[in-house]
Structure formats: C-alpha cells, structure tokens
Amino acid sequence: MIKIKTIKFNLITFSLLLTPIIYAASDPAEVKSLLHAAENGNKINVVWPINNQVVDPSAADEFGWTALMLASMNGHYKIVLYLIQCDIDPNAQNKYGLTALILATMRGHYKIVECLLKKRDIDPDLQDNEGRTALIHALNFKSNKVNINMIKLLIKHGKNLHLSDDYGQTALMYASFQGHETIAKYLIKKSCTYLNSQDKHGQTALIYASFQGHKSIVENLIENNANLNLQDKHRQTPLMYASFQGHEEIVKSLLQNNAKHNLQDKYQKTALYYAKHPRIRTIIKKAISTRKKAQRTRPTEKTLTTVPPFLEKRTMSLFTITG
C-alpha cells in the first residue's frame, strides 16, 4: 500500500508540474522592477515576483526588452539559468531584433551562450534588424578579442552558416576581414559553393582578406579555388586592393596563381597604378614582363584585355580605391 500511495503522489506531483502557470496581466511598474532587477543581477527581486505570479517572466517593456535579454547581456548567469526554466520563449526579439543569445554573444558571455544553446527550441540563426546573426556578431571583433570557443559553439548549433546581413556580408566575409584564421579556414571548408559570394558592394571574402593583409586566409581561399579576378562594383580586384595597401606577400600569391594584372577598374586604372610602394611595383612589373615573354612563345593565344561594361551607378563602398 505504501508503494501504491507513493506512485499516486508522484503522478499527481508530475501532473502539477506539467500544468502551465497563467499569469495575470503584468503591471507596468512590476515589469519595470523585474527588468531593473535582471539588469543589475538582483536574483531575489527576479525570483520572488515570478514565483508568486506577480509578474510574467516573459513580460517586456515598450521597447521589447525582457528580463532574459537584460540578464544575458549583463552576464548574470544564475538569473539566466532560472529564467530559462520558467518556460519562456528564448527567441523573443526586442524592437532592434536582438535576442538574448545575440546580446550574450555581443558581450562575450560564453557561459550564458552555452546555457542558451542547450534550449531545444532556441534558434541560433535568428537575425536582428540589420540581418546579423549571433555568429556574425561574434565575428565582428578583431582577432585578438574574439572568443574562439564561443564561435565554434555557435557554428556547431547553427543550421545556416551562409546567411548574410542587410549589406550582403556573410560570416566568412567577417572572418576574412577581421583575420580570424582558424574560423575562416573552417568556414571555407563548409562554404565551398559560397566562396565567391559578393556583398552589395560586390566585394568578396578574398577582397576583404586581401585589403586587410590576412595572408593565410588569402592563401586558403586561393587553395579552395576562390575567383581571383572577381571585380566589385567599382570593378576593383583583390590584386588592386592588396597593391594599394602594400601587402607584398599577398600580391605575390595572387600573381603566382594567375591573378590578372591588366584588368581595369571603372577609372581605367590597373593594379600597377595603385601600387604606391616601390617593391610592389617591382613585383607587378616583373610579373608583366614574365607574362609578356610567355605570350611571345604562344603567339596564337589571345589575352583578355577588356572587361564587361559597368552597368550600375557608383554606390558607397566599405572601402574604395580612388585615383
């Protein structure tokens, strides 16, 4: 009999746990108090009103901020742990499109990111109002400030690594620009069919890496057959950007892999024109001379000397070389 009573008690207890808690409409003052407590790490003032059904744990202010968002942003792990056990939506977004996961990522709170990603219903690919995912936000830091483990975690849980923001920029472009070599290498393997994606300025991951001087990323892109001669909306190439910036080793790598030195941008300028550093000019001139000699040994082979007409009006670019 004792055993049967115990079983009945456990079943009743279990059914009570499954019964959803219905909160009364939250008073704005109570919501404000809850958010303030979550923002400042005051766990007692978060737990008490929720446990006593004074305020809904998912309540938001007029800008869409919730207790979970504020606790995640400010690194209050214990409060986050408590809130996600309250059966609230971890994918809620404020008026800026920011989620608890994005906010924790932006602030570099690895433990909270890990905690949130354990929620089965969380969507790590949600984009904010500018189209940026948590992964893109994590990559938007210089390489010496980025949390590699957190990025790996986001990549592991993400279902679409090729999402782009409102500017057409992908995670690989951000990694290439900021110089995240390990992450770029991984994304390149996962993005073979997307290596030549262009953002709204026509710029590619290779252009970003060439401009910034990230040699190993450039070489990795080259090894994986990235297009060396894709031109952006100003018809400028990776070779032009590397030449302008004075990145000698990258200029060499591009030329050794048959990047075209004679392509012209919309200002009718070539990479040689943009090479202000004497050493870069020497490297390009040497390549031109070598190629001319090779052409003389193959008189029937024609060299492409023209580029398709530029059809669009000039738009603002993240970085643009001007003559």
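The values are calculated or read from the model by the stated rules, or taken from the named source; none is laboratory data. Computed from a prediction, not measured in an experiment: that's the story for all the values here. Neighbour counts run over all protein chains shown; Cβ positions are idealised from the backbone, glycine included.
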Pick from Asn149, Asn94, Asn144: which is out of contact with any Lys or Arg (no Cβ under 9 Å at 6 or more places or on another chain), at pLDDT below 95 and not in a helix (DSSP H, G or I)?
-> Asn144
Is it true that some residue in region 277-284 is over 21 Å from Ile217 (Cα atoms) and in a loop (DSSP other than H, G, I, E, B)?
-> yes
For region 204-251, which fully contained helices (runs of 4 or more DSSP H) count at least 1 residues that are of a type in the set (A, V, I, L, M, F, W, C) and over 24 Å from the mean Cα position of the chain (by Cα)?
-> 238-245
Would you point out the residue of region 166-203, among those that are aromatic (Phe, Trp, Tyr) and not in a loop (DSSP other than H, G, I, E, B), that is farthest from Met150 (Cα to Cα)?
-> Tyr194
Picking from Lys266, Lys293, Lys233, Lys286, the residue that is surrounded by fewer than 20 Cβ atoms within 10 Å (Cβ to Cβ) and within 27 Å of Asp199 (Cβ to Cβ) would be Lys266
So which pairs qualify, if the first residue must be in region 95-113 and closer than 13 Å to Ile148 by Cα, the second must be of a type in the set (D, E, K, R), the Cβ gap must be under 9 Å, and the two must be at least 6 apart or on different chains?
-> Gly108/Lys145
So, first residue within 15 Å of Ile84 (Cβ to Cβ) in region 43-60, second residue part of a helix (DSSP H, G or I) and among the aromatic types (Phe, Trp, Tyr), Cβ within less than 9 Å, six or more apart or across chains; the pairs are Lys43/Tyr82; Val46/Tyr82; Val47/Tyr82; Ile50/Tyr82; Pro57/Tyr82
Is it the case that some residue within region 25-34 is modelled with pLDDT of 95 or more and under 30 Å from Asn140 (Cβ atoms)?
-> no
Filtering region 152-165 down to residues that are part of a loop (DSSP other than H, G, I, E, B) and within 24 Å of Ser210 (Cβ to Cβ) yields Leu161, His162, Leu163, Asp165
All but one of (1) assigned to a loop (DSSP other than H, G, I, E, B); (2) surrounded by fewer than 22 Cβ atoms within 10 Å (Cβ to Cβ); (3) without any contact (Cβ under 8 Å) to a residue 60 or more places away in the chain hold for Asp87; which doesn't?
-> (3)
If we keep only residues of region 128-148 that are farther than 20 Å from Leu163 by Cα and basic (Lys, Arg), then the residue farthest from the chain's Cα centre (by Cα) is Lys145
Selection from region 244-267 of residues farther than 11 Å from Ile280 by Cβ and of a type in the set (S, T, N, Q) yields Ser253, Gln256, Asn257, Asn258, Asn262, Gln264
